[in-house]
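Student: First the structure, which I've put down as structure tokens, then a few questions once you've had a look.
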Amino acid sequence: MNLRDFLAWAEREGLLITVSRSVDPNLEMARILHALDGRPVLFTNPDRPGWQVAGGVCSRREHFARALNTDLAGIVPRLIEALQHPVPPTRVEPAPCQEVVHYEPDLGMLPILKHLVGDGGPYVTAGVAVIRDPEYGRNASFHRLMQIGARTFTARIVEGRGTDTAWRKAVAAQRDLEVAICLGAPLHVLLAAAMSPAPGVDELAIAQALAPTPLARCLTVDLEVPAECEVVLEGRITRRLADEGPFIDLTETWDIVRPQPVVEIDCITHRRSPIYHALLPGGLEHKLLMGLPREPTLFQAVSEVADCRLVHITPGGMHWLHAVVQIVKHGADDGRRAVEAAFRGHGSLKHVVVVDEDIDPFDPNQVEWAIATRFQADRDLWVFPDQPSSSLDPSAKLVPGQKARSAKMGLDATIPWHDAGGRPLTAEERSGFRRVGYEPIDVADYLERRDG
Ligand SMILES: Cc1cc2nc3c(=O)[nH]c(=O)nc-3n(C[C@H](O)[C@H](O)[C@H](O)COP(=O)(O)O)c2cc1C
């Protein structure tokens, strides 16, 4: 589902908030997006002639369910299916994203937001970068871009992932890495680009498996991009470094300033009446787009060692650092194995709780109830010191240029298999841990009707 179709659907559903007053992308727009976090918003007059700005696009699971033509429970199975069976996309011409072409690009024409006074500069936050690795082929992923000139950015490129790996190969070969940055990409493309499949798996083929993703050949770089994007910035990730940041990231805390690669833009193409996608850093859209696409790989990893039913990368952990995993337990060790597998399935995970199938992983009260009634810290707690972890966690060991490191913790909050003496519990004893429910009743019959 492309951005325009999504906005039309949101308007029909009465979800869309339209702001027609003139709004400044310098600080003012971010404040409005923050105040309306969780709602799709369209700024029709962002004091950049001919442009509109959309935000809050990916701020609810329901939006993704609509984009994938499924319901909430169907999202993760669809992502798993696409991850397991990517489909090579085909090319179209002419392409909507190339209706207007600027061979003398000036980033000043785009409504790039400055979000906070303390930011290092205006930032592109919803850019999907398409590159080609000489060994692994095409890769698509997100990189925040701090504007430092009329045609230049510094890009935050996390060490060890697809873009970083390809860029280091280009540097070693003493050349720049060609890149095409897609703005206002279709929602299924955003989901696919946020997944982290094995090297060599093309995220745009995952996108095609989710929904039709026709591609366009770029004009100045040897790359292809989703033809229904709103804007494409064609250029190169150079060998030059410059400071990137300060900037708030997912955790809503300041990330550190680092020397990062400079990106030079050689050509800008876009649709007529283009819509710029402004993703609020630290907002719901940022968090959900980071975490939801990791639930498939987390589910798959746990399914290899236990009977996994549901996984949830939770909002309290910014949809990134915390997860709840629901299993049907068939053996004493299933909880511990699920904990270890969860950390394999999502490398940035910091804390995980494993629960039984009668506990809803989307309900934090039920999860806490399971910890309160089924968990013993001297039996069911697993701590893994000094693990590779997320650079977004301000409490992690952060050394520029090195992978962040943290202690990780898993809680097995499933019904115990043995008693304190090690004797296996009977099925009846284990059922004693389950919540006793009251028969549901329709109370309407018992309520006094005031209108006599
Ligand atoms: C909204 C959003 C912003 C992101 N920002 C960055 C970023 O600035 N730098 C980065 O390296 N990864 C960022 N990521 C994470 C990567 O895009 C993501 O991990 C991707 O899946 C990596 O793919 P790869 O393993 O195929 O390279 C962001 C993800 C999302 C959803």
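Student: How about segment 347-444: which strands (runs of 3 or more DSSP E) wholly inside it have at least 3 residues that are within 28 Å of residue 197 (Cα to Cα), under 24 Å from the mean Cα position of the chain (by Cα) and at pLDDT 95 or above? Step through it out loud before you land on a result.
Tutor: On the way: elements: 351-356, 381-388, 405-412.
By residue number, 351-356, 405-412.
Student: Being closer than 30 Å to residue 165 by Cβ and touching a residue at least 12 places away in the same chain (Cβ under 8 Å) is the filter here, so list the residues in segment 397-427 that pass it.
Tutor: Of all residues in segment 397-427, those closer than 30 Å to residue 165 by Cβ come to 397-410.
Across segment 397-427, the qualifying residues are 398, 400, 401, 402, 403, 404, 405, 406, 407, 408, 409, 410.
Student: Now for a separate question. How many of the residues in segment 47-81 are modelled with pLDDT of 95 or more and under 21 Å from residue 127 (Cβ atoms)?
Tutor: 13
Student: Something else now. Is it the case that residue 119 is more than 10 Å from the ligand (Cβ to nearest atom), open to solvent by less than 40 Å² (accessible area, probe 1.4 Å), more than 18 Å from residue 54 (Cβ to Cβ) and acidic (Asp, Glu)? So that I can check it myself, show each step before the final result.
Tutor: Working: more than 10 Å from the ligand (Cβ to nearest atom): yes; open to solvent by less than 40 Å² (accessible area, probe 1.4 Å): yes; more than 18 Å from residue 54 (Cβ to Cβ): yes; acidic (Asp, Glu): yes.
When the stated conditions are applied, residue 119 passes them.
Student: Within segment 67-76, is there a residue that is of a type in the set (Gly, Ala, Ser), surrounded by fewer than 21 Cβ atoms within 10 Å (Cβ to Cβ), free of Cβ contacts under 8 Å to residues at least 40 places away in the same chain and closer than 28 Å to residue 200 by Cα? Reasoning before the result, please.
Tutor: Step one: filter segment 67-76 for residues of a type in the set (Gly, Ala, Ser), giving 67, 73-74.
From what's left, surrounded by fewer than 21 Cβ atoms within 10 Å (Cβ to Cβ): 73-74.
Next, only the ones that are free of Cβ contacts under 8 Å to residues at least 40 places away in the same chain stay: 73-74.
Restricting the remaining residues to those that are closer than 28 Å to residue 200 by Cα gives 74.
Yes: segment 67-76 contains one or more residues that are of a type in the set (Gly, Ala, Ser), surrounded by fewer than 21 Cβ atoms within 10 Å (Cβ to Cβ), free of Cβ contacts under 8 Å to residues at least 40 places away in the same chain and closer than 28 Å to residue 200 by Cα.
Student: Can I ask one more? What tally of residues in segment 258-292 results from selecting those that are under 23 Å from residue 399 (Cβ atoms), away from the ligand (no atom under 14 Å from the Cβ) and touching an Asp or Glu at 6+ places or on another chain (Cβ under 9 Å)?
Tutor: Summing the residues that are under 23 Å from residue 399 (Cβ atoms), away from the ligand (no atom under 14 Å from the Cβ) and touching an Asp or Glu at 6+ places or on another chain (Cβ under 9 Å) in segment 258-292 gives 1.
Student: Right, next: Please note which helices (runs of 4 or more DSSP H) are completely contained in segment 1-114 and include at least 3 residues that are of a type in the set (Val, Ile, Thr).
Tutor: Here the list reads 75-84.
Student: Between 242, 198, 216, which is open to solvent by 20 Å² or more (accessible area, probe 1.4 Å), of a type in the set (A, V, I, L, M, F, W, C) and assigned to a strand (DSSP E or B)? Break it down into steps so the answer makes sense when it comes.
Tutor: Working: 198 fails: assigned to a strand (DSSP E or B); 216 fails: open to solvent by 20 Å² or more (accessible area, probe 1.4 Å).
Among 242, 198, 216, only 242 is open to solvent by 20 Å² or more (accessible area, probe 1.4 Å), of a type in the set (A, V, I, L, M, F, W, C) and assigned to a strand (DSSP E or B).
Student: Another question about this same structure. For residue 113, are the conditions met, namely being within 16 Å of the ligand (Cβ to nearest atom) and crowded, with 16+ Cβ neighbours inside 10 Å? Talk me through it step by step, then tell me what you get.
Tutor: On the way: within 16 Å of the ligand (Cβ to nearest atom): yes; crowded, with 16+ Cβ neighbours inside 10 Å: yes.
Yes, satisfied.
Student: Starting from residues that are near the ligand (Cβ under 7 Å from one of its atoms) and part of a strand (DSSP E or B), keep the ones in segment 138-154 and report whichever is most open to solvent (accessible area, probe 1.4 Å). I'd like the intermediate steps shown before the answer.
Tutor: The initial filter retains those residues of segment 138-154 that are near the ligand (Cβ under 7 Å from one of its atoms), namely 139, 141-144.
Filter once more, so that each one left must be part of a strand (DSSP E or B): 139, 141-142.
On the way: 139: 27, 141: 22, 142: 55 Å².
Going through the qualifying residues, I end up with 142.
The values are calculated or read from the model by the stated rules, or taken from the named source; none is laboratory data. Remember, predicted model here, so these are calculated numbers, not experimental data. Here Cβ is always computed from backbone atoms with ideal geometry, including for glycine, and neighbour counts include all displayed protein chains. Accessible surface is based on the protein model in full, side chains and every heavy atom, while ligands, DNA and RNA are left aside. Shrake-Rupley method; radii C 1.70, N 1.55, O 1.52, S 1.80 Å.
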